[in-house]
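**Q** I am attaching a structure below and will ask some questions about it afterwards.
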Amino acid sequence: MLKKVCISIIFLLVCLSFAVTYSQAATYHVLSAWCVDSGKHLDWKGSSQYLSYFNTGVNTWNNYKSGVIRADGAFTVNDVTISDVSDLDGNTVALTSITAPFGNGHGTGTIQFATSKMNKLSSLKKTIVCTHEIGHALGLSENNDNGTNVIMYNDITYNTSNNVLHSQDKLNYDYMYNNKY
């Protein structure tokens, strides 16, 4: 009887070990650079005619991890600057650029919104664009593997997220927050 119990426990532990190993085999869609500082904050400044949409994007991310993204203040160092430009190359609606001079991933960035294209979008699409670009500043890359409902889906035209973070968005953000910042 004791032998059967021991064998059952060993079998259960082996199965549990497999489940844990399998769950750690996740695919992450992340960048090699990000704008979040070592204090785990992304402090932003700048101006844009899309500021209300940007703030909604900030709230979307902060509702998941409170207080990470915040407006730059007198006692913080700016991590990303937002601005409007008349146009960007090709079909680019917005662009996040990150410069990481020390090779450790953390850098400063800019988010530019192309007014020529943003002005043609619905309010929801403008919000999704802003939320998506903040995701890049957080170090998340494009993700076309999990359907069009992820915030980080590449093509805004087909993005159906309703500005809600998908489980893959959260998985990628958790990975960055716990391992990179």
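Bear in mind these aren't lab numbers, they're just calculated from the coordinates by the rules spelled out. This one's a predicted model, so the numbers in the text were calculated from it and none came from an experiment. Neighbour counts are summed over all protein chains in view; Cβ atoms, including those assigned to glycine, are modelled from backbone coordinates with ideal geometry.
**Q** Give the residues of segment 160-181 that are among the polar types (S, T, N, Q) and surrounded by 16 or more Cβ atoms within 10 Å (Cβ to Cβ), sorted by residue number.
**A** First, pick out the residues of segment 160-181 that are among the polar types (S, T, N, Q): 160-163, 167-168, 172, 178-179.
Scanning segment 160-181 gives S161, N163, Q168, N172.
**Q** Sticking with this structure for a sec: Look at segment 135-168 and say how many of its residues are hydrophobic (A, V, I, L, M, F, W, C) and farther than 13 Å from L124 by Cα.
**A** Quick first cut of segment 135-168, residues hydrophobic (A, V, I, L, M, F, W, C) only: 137-138, 140, 150-152, 156, 164-165.
Checking the rest, the ones that are also farther than 13 Å from L124 by Cα come to 137-138, 140, 150, 152, 165.
Qualifying residue count for the region: 6.
**Q** Still on this structure: Could you list, in sequence order, all residues of segment 112-152 that are touching a His at 6+ places or on another chain (Cβ under 8 Å) and either of a type in the set (V, I, T) or surrounded by 18 or more Cβ atoms within 10 Å (Cβ to Cβ) (or both)?
**A** Result: L140, N143, V150, I151, M152.
**Q** Which of (1) under 16 Å from the mean Cα position of the chain (by Cα); (2) surrounded by fewer than 17 Cβ atoms within 10 Å (Cβ to Cβ) does T108 not meet, given it meets every other one?
**A** Failing condition for T108: (2).
**Q** Scan segment 85-114 and report the pairs whose first residue is over 24 Å from K180 (Cβ atoms) and whose second residue is assigned to a loop (DSSP other than H, G, I, E, B), with Cβ atoms within less than 6 Å and a gap of 6+ or a chain change.
**A** If the second residue must be assigned to a loop (DSSP other than H, G, I, E, B), the pairs left are V93/I156; F113/S48; F113/Y50; A114/D87; A114/L88; A114/V93.
**Q** Go through segment 133-167 residue by residue and tally those that are closer than 21 Å to Y177 by Cα and touching a residue at least 60 places away in the same chain (Cβ under 8 Å).
**A** Within segment 133-167, residues that are closer than 21 Å to Y177 by Cα and touching a residue at least 60 places away in the same chain (Cβ under 8 Å) number 16.
**Q** While we're looking at this one, here's another question. What are the residues in segment 72-82 that are touching a strand residue (DSSP E or B) at 6+ places or on another chain (Cβ under 9 Å) and surrounded by fewer than 12 Cβ atoms within 10 Å (Cβ to Cβ), if any? Show your work before the answer.
**A** Here is the first cut: in segment 72-82, the ones touching a strand residue (DSSP E or B) at 6+ places or on another chain (Cβ under 9 Å) are 72-73, 76-82.
Scanning segment 72-82 gives G73, V77.
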